[in-house]
Amino acid sequence: MSFEMFLFYAFAFLAVFSAVAMIGFVRHIVAAAMSLVVTMVSLAGIYVLMHAELIAAIQILVYAGAIVVLFLFVIMLLDLRDGGLGPAARGQNLVKAVGVGGTVTIGTLVVASVSGVFSVNPLVESLPEGFGEHRALGIALFTDYALAVELVGLVLLASIVGAVILAKRKID
Amino acid sequence: MPADPQWIEDALLRWIVFVPLGTALASGLLLAVFRRTLSSSLVVWMSCGSVFASFGLSSLSFAKLVGLFGEVPVDDVPPRVLIDTLYTWVGVGVGNSAFSADLAFRYDALSAVMCLVVTGVGFLIHVYSVGYMRADTRDDGGLQRFFCYLNLFIAAMLVLVLADNLLLMFLGWEGVGLCSYLLIGFWYGDRQNAYAGSKAFIVNRIGDFGFIVGILLLFWSMADAGQPAVSFRAIEAGFGSVASQTLALPGWLGGGEIGLATSIGLCFFLGAVGKSAQLPLFVWLPDAMAGPTPVSALIHAATMVTAGVYMAVRLSFLYEAAPGALVVIAWTGGVTAVFAALLATAQNDIKKVLAYSTISQLGYMFLAVGCGAYAIAIFHLVTHAFFKALLFMGAGAVIVATHHEQDMRRMGGLRKKLKLTYWVMVAGVLAICGFPGFSGFFSKDEILTSVFFAHELPGHVALYWMGVATAGLTAFYMFRLLFLTFHGKTRLPRGRRGELDDPEDTMMWPLQILAVLAVLGGIIGLPQFWGDRIGVAESNSLGHFLASVVRLGEPHALDAGVVAQLVGGVLAASITGFGLAYVLYISRPGLREKLEPVLGVPRRVVARRFYVDELYDAVFVRPLVIFSDRVLSRGIDAGLIDGRLVMGSAHAVRGLAAHVLKHLQSGLAQAYLLLMLAGTVALLAYLVT
Amino acid sequence: MILVVAKTLFILIVVTLLFAPLITWVERKQSAIMQDRIGANRADLAGMTFLGLLHPAADVIKLLSKEDLVPAGANRFLHALAPILSAVPALIAFAVIPYGATYRFGDTTFTLVAADIDWGVLYLLVIGSLATYGSVLAGWASRSNWSMLGAIRATAQMISYEVTMGLSIVGIFMVFGSLKLTDMAVAQDTTFRVFGFLDLFASLPAGAGWLNAIRLPNWGIFLQPLAFLLFLTCIMAENKRPPFDLPEADSELVAGYFTEYSGMRFGLFYMAEFIEVVVIAGAVAALFLGGWAVPYLSQETITAGVASLFGEGFANLVCMLIHVGCFFSKVVFLVWLQMLIRWSFPRFRYDQLMDLCWKVILPLSLLNIFLTAAGMLLAQQIAPGAAAS
Amino acid sequence: MSIPIEHVISLSALLFVIGVVGALTRRNLIVILMSIELMLNAANLALVGFNRVWSVTAEGAARYDGQVFALMVIAVAAAEVAVGLGILLSLIRNRDSLNVDDASLLRW
């Protein structure tokens, strides 16, 4: 096992572990949020392994640095002293059902990977110079995907307006 | 036909139309969009000024047309046509099938005459309207609206007469119809007025239907012959190739074939019948008197109703190829003339008398068209515009002076009070009755002469005598009107007898100008015969002028005997009519009561307009209303569409929602999430397999 | 590998062991001077105060020897984690800041930066965003109202200023065309003609050629003066130092989010703050003040000049020393500047703080981006290849 | 030696399923939002992974469809959190509860 593979499995383990912790067994919602951060940072590590450095940076900057902090801010604003997780999950059958569903999904994937669906296009070992770096990705963003960027800007603007209106105590 | 005309581009033409249109739009948009009104004096100045400017521009163009600006005299060059192409209005197709219609104005002799009449008489009526609307006691506040409509009408009428192609002409045609509708129902607060407006519009639609069919038929046959065109120039050039074609008549019309030109001509004539209130579509015009009197003068006497005549003359080349259509036109005109004159004798409303008189005179014009005497039709159109506008406005002056009394039975003896009005009315009456030397004398005389000599027309003798009878009837009802209104003792209600006087100057001076025109207007078309008698070298100048557009008939071989016979006949009829009126209404009023039992039934029939309205009501209106109400509205709309389709589908959806779908709507976000997931899985499964 | 470790260690030692304690001393002395008192003169060793230099040492001893209290009901794990989460970002942030150029000694070449990554500026922002967690968790885990209020304030303040901080330096990326800090430093090692922009409009008239001789270092502060002001404000607010110290406002919240900390955990927060002061100074120096660059003396000039006398290897060494010295003197200046600001301005009110961020800095940053873009576009249109000003 | 794409996708699927389970079983609105974030992350991972597979065009030029898509997802996630937390705040304000089942007024 190469160092790269080792790192991947380490990050993958961390990500899955903390994801399960988040929905499963932490007792406090802040801990859940921190678990989510660990997942995000692990994923960022995997992105770096996959030569997507800009995505990794933005993953941390946006997810860990802004989104989860926003969660924490709201949690603290609401002052959820008692752990904030509310009544225990209802409908254990649902858990089982979805658990079965998940297993089936993964099983399918495993079968698919064994059957070679994913090896249609083998991994390219020699990547172009500067693959995944900000410059190349930036050029792609502002040439081929300029419209998408504009649209995402519009979505963000709409969400800002929506959030402001929702958060206002009284609409005047 | 004269030689090919010389086409001259002239960008000035568009402003003839645009100046009044702009004024109308300016105040109209302000009114409609911003609910603001300009001050009334500003509106008055703007609208009168714009029409006057339009008149000035028309005169200028006229001067250019006849070459007054130091150019080569008109005799030495082919006749000129000014043309102003704004842009390509409609452009479709490529190659052989390409067809385009320009938004273009054309100013030839015919347009020039119409244009000058419309803007000139229109300007006088505008000025008159200022006084009339000011004296109007109805507190409507609609002065701005009124002048907006009036200007819009002028613009639409100018589009009609200046149009270079059928489509644009149709635009103007519909535009004047719209303005007519708006102005008839101007005092829409009164239900009857609004109803009259609708009636005018609907009856006109019948005619417009014919017009549209005519346009399509013409275009279709021309396109079939490989010459798709709508401009008059192109139609005239290419019509010869299709003129001889025939159309198969459908079986229920007895089969057989009808000439294409005839059928097209009849379709167009149907439009003219509607617009010019000929039999059988005349019923709207008497009701149109519900509008303000200046409107009656401008639209329903002087200009719009003559659009049918104008159109027929404009398409004279088409009618030349369709003698069958000309027969129909002539007979329609003749019958209408005598019929309407008959009806006019029994009317008591001063404006309705004039309305029927208008119908009758329009009948004369169509009679002239039917004889192929197009220039004479236009000549009568012009003189009629002068004296009928004069008469209407005089009647309006009377109405204003008597505080909106329109029933002649309650007038009388106004001669002493309304001196000026009386004299201008006398001028108008003499002109319409064809008093020798007055304008009507020449034009009517020319028409009857043409009919007399129209040997190719079946029954032209009968038509001639109908014309003579109409002249007699005209003299009768016009003098009846004059006597009932101005002579005898006053029959006004006591309360209104007080300060009776001529209306204000702004109303009177247009009347005086028109009186002069009514008296002297005949000069422009002075017939050759009379010209020779009084030593005028080049008489019938209007005819010569129009010769560039329409065919002038061969000069009739007139000698003094024939003329004496013709003139004598008309004069005798007129004098008979005058005498009858004098006897019945001045010298022996008592005779009327005695005649009452004798003439009871015919008189009542005439007074009720031969029950034409009732007939239409029973034959067309009521069955249609009943059918619409019972079958279409209650049965199909309310029952089938509303009840079954609309409400039924709504009920079905509601039932489905209430009993089935609502269980999906649990209000629990996670249930929705689960459904979404299931849907996604299903979609994925479908995509994978 | 060894080089990397050496460079890292060098930075860590210089920053943590040299600068941070020194700054506490400087701060005390400077505040004392500014407040017209003596200050930092009590700790003595056999009567000798060494200008108060013994105070940092005394502080360290005190912190190490104090009892480490954890409030009742606090989340012990997070309580212990928070100071570490606070200090680590501050420590690792310096990794991308170059404190020297690239030098060649015989066959080995090395660059004086711990990690020369391609997206260095982004790295700084990433680290800045992660630094939030220390304050947030500290406030949360302490189970104290003061801490909680401080943490809430810290969260909102840091998220807000992160956004504007990122936007305020976009102009710098645009001008230098890179996110890499070493590239930027090299680019700043040159000069530009102050009146060069005149070329865009017309050629200089004869006799005005002396204008071309007026040159300025190609530093961010000269190219992007507005960005400099905005960035300095934002990054200081991000560090929660006065006058932006709302989260720890001692007159309102005792000590804000670290009220419930004592001993070495408190010391970590304290140290993190001072390290951040140095990091800020380093980042601002690298972005705006030319990093290691000596004004008007480019690396080639120095190397060539010294090499002509003493040989190339020695020249590189001298050059390296000069550069490192230059960089750290800039850092010291900026640290001093931050001190000056800290003791000169009164604390903001919270609404003023937010207003400043969203209503002043954000629009100005956007304006700066727009103006920079317009200027660069103009320069490209008129004189392709000319440097933007 | 690169990471096999099968493993990346499996990890992505696993994380996604964990997110689904969280979103379906927890009643706390904040946790549900976090689970949704987790699902988005899982999708991002798959996108970046596939981008690694199809990283060059036939001509040998780099292509970034997956990474760009991932960036868009990140941006949309930020928007979603802003609105989601706004909704959460107003839910607290109106219902004094973070339990999604308490916000079930909108039903038949």
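The values are calculated or read from the model by the stated rules, or taken from the named source; none is laboratory data. These numbers were taken from a predicted model, which means no experiment stands behind them. Positions of Cβ are generated from backbone atoms using ideal geometry, with glycine treated the same way; all protein chains shown enter the neighbour counts.
Here B:Glu614 meets each of (1) more than 30 Å from B:Leu484 (Cα to Cα); (2) charged (D, E, K, R); (3) within 27 Å of the chain's Cα centre (by Cα) with one exception, condition (1).
Of everything listed in (1) modelled with pLDDT under 75; (2) touching a Phe, Trp or Tyr at 6+ places or on another chain (Cβ under 7 Å), the single unmet condition for B:Ala557 is (2).
When each of C:Val306, C:Val278 is tested for being part of a helix (DSSP H, G or I) and under 23 Å from the mean Cα position of the chain (by Cα), the lone residue that passes is C:Val278.
For every residue, the table says whether it meets (1) surrounded by 22 or more Cβ atoms within 10 Å (Cβ to Cβ); (2) more than 14 Å from chain C (Cβ to nearest Cβ); (3) farther than 25 Å from C:Ala138 by Cβ.
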position	(1), (2), (3)
A:Ala10	no, yes, yes
A:Ile29	yes, no, no
A:Ala32	yes, no, no
A:Ser35	yes, no, no
A:Thr39	yes, yes, no
A:Leu54	yes, no, yes
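Scanning the stretch B:345-366 for residues that are over 25 Å from B:Leu599 (Cα atoms) and aromatic (Phe, Trp, Tyr) yields B:Tyr364, B:Phe366.
Looking only at the stretch C:340-359, decide whether some residue is charged (D, E, K, R), over 30 Å from C:Leu149 (Cα atoms) and at pLDDT 85 or above.
Narrowing the stretch C:340-359 to residues charged (D, E, K, R): C:342, C:347, C:349, C:351, C:355, C:359.
Cutting the leftovers down to over 30 Å from C:Leu149 (Cα atoms) gives us none.
Scanning the stretch C:340-359, I find no residue that is charged (D, E, K, R), over 30 Å from C:Leu149 (Cα atoms) and at pLDDT 85 or above, so the answer is no.
Select from the stretch B:29-49 the residues that are under 30 Å from B:Arg314 (Cβ atoms) and surrounded by fewer than 18 Cβ atoms within 10 Å (Cβ to Cβ) and list them in ascending order. B:Gly49, the sole residue that qualifies.
Given the criterion exposed (fewer than 13 other Cβ atoms within 10 Å of the Cβ), in contact with a helix residue (DSSP H, G or I) (Cβ under 7 Å, 6 or more places away or on another chain) and more than 14 Å from chain D (Cβ to nearest Cβ), identify the matching residue among B:Leu591, B:Leu687, B:Leu632, B:Leu645. Explain how you work it out, then say what you get.
Numbers: B:Leu687 fails: in contact with a helix residue (DSSP H, G or I) (Cβ under 7 Å, 6 or more places away or on another chain); B:Leu632 fails: in contact with a helix residue (DSSP H, G or I) (Cβ under 7 Å, 6 or more places away or on another chain); B:Leu645 fails: in contact with a helix residue (DSSP H, G or I) (Cβ under 7 Å, 6 or more places away or on another chain).
Selected residue: B:Leu591, the only one of B:Leu591, B:Leu687, B:Leu632, B:Leu645 that is exposed (fewer than 13 other Cβ atoms within 10 Å of the Cβ), in contact with a helix residue (DSSP H, G or I) (Cβ under 7 Å, 6 or more places away or on another chain) and more than 14 Å from chain D (Cβ to nearest Cβ).
Would you confirm, using the coordinates I've provided, whether C:Val70 is more than 16 Å from the chain's Cα centre (by Cα) and at negative phi? Taking the combined requirement at face value, the residue satisfies it. The helices (runs of 4 or more DSSP H) found entirely in the stretch B:195-303 that carry 3 or more residues being of a type in the set (Gly, Ala, Ser) and surrounded by fewer than 24 Cβ atoms within 10 Å (Cβ to Cβ) are B:232-238, B:240-243. Taking the stretch D:1-56 as the range and being at the interface with chain A (Cβ under 7 Å from one of its Cβ atoms), within 11 Å of the chain's Cα centre (by Cα) and under 24 Å from A:Phe3 (Cβ atoms) as the test, the residues that pass are D:Leu15, D:Leu45.
Scan (1) loosely packed, with under 13 Cβ neighbours inside 10 Å; (2) small (Gly, Ala, Ser); (3) at pLDDT 85 or above for the single condition B:Gly600 breaks and write down its number. So the condition that B:Gly600 fails would be (3). Can you find even one residue in the stretch B:82-90 that is at pLDDT 80 or above, surrounded by 14 or more Cβ atoms within 10 Å (Cβ to Cβ), among the aromatic types (Phe, Trp, Tyr) and closer than 14 Å to B:Phe105 by Cα? So far as the stretch B:82-90 goes, yes, one or more of its residues are at pLDDT 80 or above, surrounded by 14 or more Cβ atoms within 10 Å (Cβ to Cβ), among the aromatic types (Phe, Trp, Tyr) and closer than 14 Å to B:Phe105 by Cα. From the list B:Leu463, B:Leu482, B:Leu492, B:Leu473, the lone residue that is of a type in the set (A, V, I, L, M, F, W, C) and over 26 Å from the mean Cα position of the chain (by Cα) is B:Leu492. Of everything in the stretch B:187-201 that is without any contact (Cβ under 8 Å) to a residue 60 or more places away in the chain and of a type outside the set (Phe, Trp, Tyr), the residue that is nearest to B:Asn165 (Cα to Cα) is B:Ser198. Of all the criteria given as (1) within 18 Å of A:Leu36 (Cβ to Cβ); (2) more than 7 Å from chain A (Cβ to nearest Cβ); (3) among the charged types (D, E, K, R), the one not satisfied by D:Glu59 is (1).
If only one of D:Ser97, D:Ser55 is of a type in the set (Ser, Thr, Tyr), buried (at least 18 other Cβ atoms within 10 Å of the Cβ) and free of Cβ contacts under 8 Å to residues at least 12 places away in the same chain, which one is it? Spell out the reasoning first.
Numbers: D:Ser97 fails: buried (at least 18 other Cβ atoms within 10 Å of the Cβ).
Testing whether each residue is of a type in the set (Ser, Thr, Tyr), buried (at least 18 other Cβ atoms within 10 Å of the Cβ) and free of Cβ contacts under 8 Å to residues at least 12 places away in the same chain leaves just D:Ser55.
When we screen B:Gly472, B:Gly488, B:Gly437 for residues that are of a type in the set (Gly, Ala, Ser) and either crowded, with 21+ Cβ neighbours inside 10 Å or in a helix (DSSP H, G or I) (or both), the only hit is B:Gly472.
Consider A:Leu80 carefully, then state whether it is in a helix (DSSP H, G or I), of a type outside the set (Gly, Ala, Ser) and surrounded by fewer than 24 Cβ atoms within 10 Å (Cβ to Cβ). Steps first, answer last, please.
Values: in a helix (DSSP H, G or I): no; of a type outside the set (Gly, Ala, Ser): yes; surrounded by fewer than 24 Cβ atoms within 10 Å (Cβ to Cβ): yes.
In short, no.
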